[in-house]
Amino acid sequence: MKLAGVFIEERELIEKILSGETDAYAEIVRTYQTKVLGLCTSLLGDATQAEDAAQEIFIKAYQSLRSFRGASAFSTWLYRITANHCKDILRKRLREKSESLDALIEKAGDAAQKLWEPSFNPGMSAVGADLVERLLSSLSPDERLILTLREVQGLSYQEIAWTLGCSLDAVKSRLRRAREALQEKGRHFSGPKSV
Amino acid sequence: MNHDTLKERIFALYDGELDANARKEAEVHLAACVECREIYAGWSKTSAALFRAPKAEPSEFFVRQVMARVHELKKPQRPAGWKVSLRWLVPAVGMAALFLMVMRPAPVYLSMDMMLTDSPDIHSFAFYGDAPTQDETLEFVMGGSI
């Protein structure tokens with residue numbers, strides 16, 4: 001949680017930008033680029049696409065800066081823009097033809113079984129990374145988003161509620177449903193006993 | 001804490017979202033319940049396998065790219081359809097309308113009772129002339145039968 005002083009500094013920075021000191025926006029980009037890019041990479045998988053998305057998000061945020069009222073932390077506001085932008089990309093992807101989960105498992109062969117081994121590191125093998133990405137892609141954009149906010153970004157339930165603009169109870173139930181959906185899909189990979 | 005209650009809270013326990021007392025109760029139940037332990041361990045395994053934080057390094061090149069585009073845009077956009085020079089007109093027109101509504105004289109409706117009173121003001125307003133006497137008025141109303 002940020003201190004009130006940091007919020008005031010941020011507010012002053014935003015006022016500067018709005019009064020015409022455009023260059024001050026570089027400080028905002030510098031401060032939040034890793035957070036935004038990290039969330040984009042987690043949600044979109046592809047690094048190049050994630051960087052393009054992050055750039056678009058900072059442009060969108062700049063254009064709608066006047067609508068930031070300071071009711072929430074700036075980071076939460078920016079996360080909300082990020083989440084919505086990435087969700088739109090994921091929805092577009094869903095409309096494209098994708099390989100079925102069963103076909104994917106068959107193609108992956110032994111690699112699918114190795115996913116749940118403690119020594120498995122998707123970053124070490126292209127097949128493994130691809131498999132993880134495709135498994136996560138089989139979730140709905142909403143499921144993937146809420147799981148990423150919690151599991152990768154480490155946001156608390158309250159922070160997720162602010163980011164998604166929903167209640168705490170909704171966060172709990174959506175998170176639970178998303179986890180159950182993912183575990184169900186994971187059972188295809190490793191057999192009923194493993195997950 | 002019973003089994004069904006913990007099953008509901010198992011992910012909250014995993015996420016560290018339970019308060020101290022609830023967490024203690026949950027941990028006691030977890031130690032004794034095989035099914036709940038399997039759910040907890042199953043999710044830990046899935047999470048470790050599928051969710052890893054990507055490495056995102058700060059990049060000045062990225063900042064420059066964004067800022068180049070920002071400079072092309074110039075200023076943050078104002079809400080569509082508003083022109084800066086005319087914005088003062090909205091409160092001004094509103095105030096003028098309010099002023100006219102307040103200052104407008106209220107209409108006077110004369111009832112029969114009012115016409116029959118002795119108030120010279122009302123009579124003079126109603127007939128624009130000398131006020132009739134009460135008898136004259138009654139005669140007028142009753143059609144000369146008095």
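Read-outs: derived from the displayed coordinates by stated rules, not from any lab. As the structure is a computational prediction, the values presented were derived from the model and not from experiment. Because the Cβ atoms are built from the backbone with ideal geometry, glycine has one as well, and the counts that use them run over all protein chains shown.
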Label point distance in nm, A:ASP88-A:ASP142, each placed 7 Å from Cα along Cα→Cβ
1.9
Residue list for the range B:1-20, given a label point 7 angstrom along the Cα-to-Cβ vector of A:ARG177 and an amide N cut-off under 19 Å
B:8-12
May I ask you to compute the full-extension gain from B:LEU100 to B:ASP4, defined as 0.36 nm times their residue separation minus their alpha-carbon distance, rounded to one decimal in nm?
27.7 nm
Calculate the FRET efficiency for A:ASP130 and B:GLU25 from the Cβ-Cβ distance with a Förster distance of 45 Å, rounded to the nearest 0.05.
0.60
